[in-house]
Amino acid sequence: MTPLYEGKAKRMWATDNPDTLRMEFKDEATAFDGKKKAQFENKGRLNNAISTLIYGMLEKEGIPTHFVRQIDETNVEVKKVEILMVEVIVRNLAAGSFSKRTGIEEGHVFTQPVIEFSYKSDALGDPLINDDYIREMNLATPGELAHLRKSAFKVNEILSAFFAKCGLKLVDFKLEFGRLACDPSVIVLADEISPDGCRLWDLKTGEKMDKDRFRRDLGNVMEAYEEVLGRVRENLA
């Protein structure tokens, strides 16, 4: 079978149900707009397990998502959505590209969470955009944009508290949203939540427990992901 879509870390497959798809987590890792690539055994399994647990928790907290069920170690069934081409980045501390752009030292704690929007385009390198760009590019209506912002703040509140229980600081993370294929008026959280798209620092040691271990050649990438999974499981038991 040919996947309907293949991205850097996942493939999407059709199912017998026209309203659902199969999402497969890959073992590939990429960074710096695909310039750096590697393959890690068990990466797909770990991200699938972490994301499945997190999405289940968010659903219980009243956050609608595309998640339906876990199929196996690397596949989940998800509701079919039209992905909004607006990625939402939530930042609680300065890190990564924010520090590079602003010169603010990594680890600086913001007085309140910072929201950024980027245009979901691999060809353009996912450039930062603002409300005016989104309006003129017809990427989302003002009402939809307000919903994305409100949802992102709520998800941040839930995840920050949960990861703190896990002994982890949620530094920043990326969210994607989509309109349900069966009802485009409904927008749900889509894609995944895993160490691939979240910066997570150990609360006691400050050790990076996310994809920065790959970006910065820190080593023990999958060991960190495995540790995150273990803590998530323990605190959802």
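The values are calculated or read from the model by the stated rules, or taken from the named source; none is laboratory data. From a predicted model like this one, the values you see are computed outputs, not experimental measurements. FYI the Cβ positions are ideal-geometry reconstructions off the backbone, even for glycines, and counts take in every protein chain you see.
Is one or more of the residues making up the range 5-15 of a type in the set (Phe, Trp, Tyr) and at pLDDT 95 or above? Yes: the range 5-15 contains one or more residues that are of a type in the set (Phe, Trp, Tyr) and at pLDDT 95 or above.
Residues in the range 224-235: is at least one modelled with pLDDT of 95 or more, assigned to a loop (DSSP other than H, G, I, E, B) and not charged (D, E, K, R)? No, there is no match, as no residue in the range 224-235 is modelled with pLDDT of 95 or more, assigned to a loop (DSSP other than H, G, I, E, B) and not charged (D, E, K, R). Candidates GLU105, GLU77: the one that is among the charged types (D, E, K, R) and closer than 29 Å to ASP27 by Cα is GLU77. Being more than 19 Å from LEU53 (Cβ to Cβ) and among the hydrophobic types (A, V, I, L, M, F, W, C) is the requirement here; does ALA161 meet it? No, not satisfied.
Residues that are free of Cβ contacts under 8 Å to residues at least 24 places away in the same chain and among the acidic types (Asp, Glu) were ranked within the range 32-86; the one that is farthest from GLY230 (Cα to Cα) is GLU59. When ARG149 is tested against the conditions (1) assigned to a helix (DSSP H, G or I); (2) buried (at least 18 other Cβ atoms within 10 Å of the Cβ), the lone failure is (2). Restricting attention to the range 101-132, the residues that are in contact with a strand residue (DSSP E or B) (Cβ under 7 Å, 6 or more places away or on another chain) and within 18 Å of VAL155 (Cβ to Cβ) add up to 8. Is it the case that the range 19-29 has a residue that's at pLDDT below 95, in a loop (DSSP other than H, G, I, E, B) and on the phi < 0 side of the Ramachandran plot? Within the range 19-29, not a single residue is at pLDDT below 95, in a loop (DSSP other than H, G, I, E, B) and on the phi < 0 side of the Ramachandran plot. Of the helices (runs of 4 or more DSSP H) lying entirely inside the range 39-137, those containing at least 3 residues that are modelled with pLDDT of 95 or more, exposed (fewer than 15 other Cβ atoms within 10 Å of the Cβ) and outside the structural domain of THR15 (by TED's automatic domain parsing) span 96-102, 131-136.
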